[in-house]
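Notes for the one structure printed next.
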Amino acid sequence: MAPDTMRAAYVTRLGPASEIHVGSLPVPTPGPTDVLVEVEAVAVNPVDTYVRSGGYRTPVPLPFVIGRDLVGAVAEAGPGTGFEPGERVWSNSLGHDGRQGPSSQYAVVPSGRLYRLPRGVDPHVAVALAQPAATAYLGWFVHARLRPGRTVFVGGGGGNVGTAAIQMAAWAGARVLTSARPEDHERCRAAGAEVALDYRDRELAARLAAHAPGGLDVVWETSGHHDFALAAAVAAPGCRILVTAALPAEPAVPLRTLYTHDVSLVGFVISRASAADLAAAADLVNQMMVEGRLTTRIADRLRLEDAAAAHRRMEAGSVPGRLVVDVAEDPGSPALPTRSGRSGPQANRGGEVTR
């Protein structure tokens, strides 16, 4: 039986990382189609900081447990959920649209957004891959309609999403060109890129054209440093340009070149993906993790007590890999009393993020 209270990293109002508290909250009560998960670890994503700060408009229940991705074990599950207590699981779509985040010892997850962790897969690797790999799936197979034999470009190939995108495109039979820092080129090639170029090269467009004289079928700049003039110069007719990140500066878009070549500009975020698409992504992510075809860099493993520091590091933009927060066996966690009854968290469910 789950305890009455739990340790959690949460905010009582939206704002800077200093608003994050680590303390005791009631263990949430799962609904008839929900699963109560005992959390082992969570990953820290840039979008977590946007929601916490109010930069991303989405309904937020207060107090709001921060975060998005978790790995853990089923603590309680109703008979209609398809899960059993003790099963190892992961999720990547909490902390959005009124759902509490997972940075706590227990989290409620809708059964349709919870996936089994394959035997033998490192749980920390799984939670680190949960969002980047699912984003790669959505980009290639939902939005870009990738097919074998296509030639694609992944900008920012040394990053978290970029590496997963290279690995998944190569798995799907695409020919992958990428740009990254020179020190990341070997890693990009190991991930499956046929060509790795310096993203700072002033002749990047010409070099891409030389390696893909027929043009590129998909252009995906994962870093947010968009150069649509470059994309237009190397796009094949019917090319799809994916947009999943953007810096504050508004780049010029050569519309005449794009529309006359039937080029589509497609933006998407994992937060708006359907539960069905995320479940399909999880199936492939699990398969590729079992096969050892998805890898990631874990830059640091932190404690729940370090949640605010983790958000500051993410906002500073200097994390060379993934930040993972260990929740289980947290040294700051006191012994929790076992509860005899149920009571949900005291939350203002009418709150909404404002800028």
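Of all residues in the range 246-289, how many are assigned to a helix (DSSP H, G or I) and within 23 Å of the chain's Cα centre (by Cα)? Full working, then the answer.
Going through the range 246-289, the residues assigned to a helix (DSSP H, G or I) turn out to be 255-260, 270-272, 275-289.
Imposing the further condition that a residue be within 23 Å of the chain's Cα centre (by Cα) reduces the set to 270-272, 275-289.
Of the residues in the range 246-289, 18 are assigned to a helix (DSSP H, G or I) and within 23 Å of the chain's Cα centre (by Cα).
Only one entry in ALA164, ALA130, ALA107 is modelled with pLDDT of 95 or more, surrounded by 24 or more Cβ atoms within 10 Å (Cβ to Cβ), touching a Pro at 6+ places or on another chain (Cβ under 6 Å) and within 20 Å of ASN45 (Cα to Cα), namely ALA164.
Across the range 176-205, the qualifying residues are those that are in contact with a His (Cβ under 9 Å, 6 or more places away or on another chain) and not hydrophobic (A, V, I, L, M, F, W, C), and the one among them that is nearest to GLY149 (Cα to Cα) is GLU194. Within the range 80-88, identify whether any single residue is out of contact with any Cys (no Cβ under 9 Å at 6 or more places or on another chain) and modelled with pLDDT under 95, and answer yes or no. Yes: one or more hits. Taking every residue in the range 212-239 that is outside the structural domain of GLY162 (by TED's automatic domain parsing) and assigned to a loop (DSSP other than H, G, I, E, B) and pairing it with any residue that is surrounded by fewer than 23 Cβ atoms within 10 Å (Cβ to Cβ) and acidic (Asp, Glu), at least 6 positions away or on another chain, yields no pair with a Cβ-Cβ distance below 9 Å. Apart from one condition, GLY98 fits all of (1) in a strand (DSSP E or B); (2) on the phi > 0 side of the Ramachandran plot; the exception is (1). Scanning the range 299-325 for residues that are outside any loop (DSSP other than H, G, I, E, B), farther than 16 Å from ALA8 by Cβ and aliphatic (A, V, I, L, M) gives ALA299, ALA309, MET314, ALA316, LEU323, VAL324.
Checking the condition of a type outside the set (Phe, Trp, Tyr), under 22 Å from PHE268 (Cβ atoms) and within 19 Å of the chain's Cα centre (by Cα), which residue from VAL108, VAL152, VAL142, VAL176 passes?
Within the list VAL108, VAL152, VAL142, VAL176, the selection yields VAL142.
State whether the residues of the range 56-63 include one that is of a type outside the set (A, V, I, L, M), buried (at least 21 other Cβ atoms within 10 Å of the Cβ) and in a strand (DSSP E or B). No, there is no match, as no residue in the range 56-63 is of a type outside the set (A, V, I, L, M), buried (at least 21 other Cβ atoms within 10 Å of the Cβ) and in a strand (DSSP E or B). Of all residues in the range 246-300, those being closer than 24 Å to GLY55 by Cβ, touching a residue at least 40 places away in the same chain (Cβ under 8 Å) and either exposed (fewer than 15 other Cβ atoms within 10 Å of the Cβ) or among the β-branched types (Val, Ile, Thr) (or both) number 3. Scanning the range 64-95 for residues that are in contact with a His (Cβ under 8 Å, 6 or more places away or on another chain) and either surrounded by fewer than 20 Cβ atoms within 10 Å (Cβ to Cβ) or part of a strand (DSSP E or B) (or both) turns up just one, VAL71.
Which one is surrounded by the most Cβ atoms within 10 Å (Cβ to Cβ), of the residues in the range 29-45 that are out of contact with any helix residue (DSSP H, G or I) (no Cβ under 6 Å at 6 or more places or on another chain) and outside any strand (DSSP E or B)? Taking the candidates together, the pick is PRO30. Kindly evaluate PRO26 against the criterion of being under 19 Å from GLY98 (Cβ atoms) and surrounded by fewer than 20 Cβ atoms within 10 Å (Cβ to Cβ). Yes, satisfied.
The condition (being free of Cβ contacts under 8 Å to residues at least 40 places away in the same chain, under 20 Å from the mean Cα position of the chain (by Cα), not in a loop (DSSP other than H, G, I, E, B) and not assigned by TED's automatic domain parsing to the domain that holds LEU138) is satisfied by just one residue among TYR50, TYR10: TYR50.
The values are calculated or read from the model by the stated rules, or taken from the named source; none is laboratory data. Just so you know, these numbers come straight off a predicted model, no measurement behind them. Cβ coordinates were reconstructed from backbone atoms using ideal geometry, including for glycine residues, and neighbour counts include every protein chain displayed.
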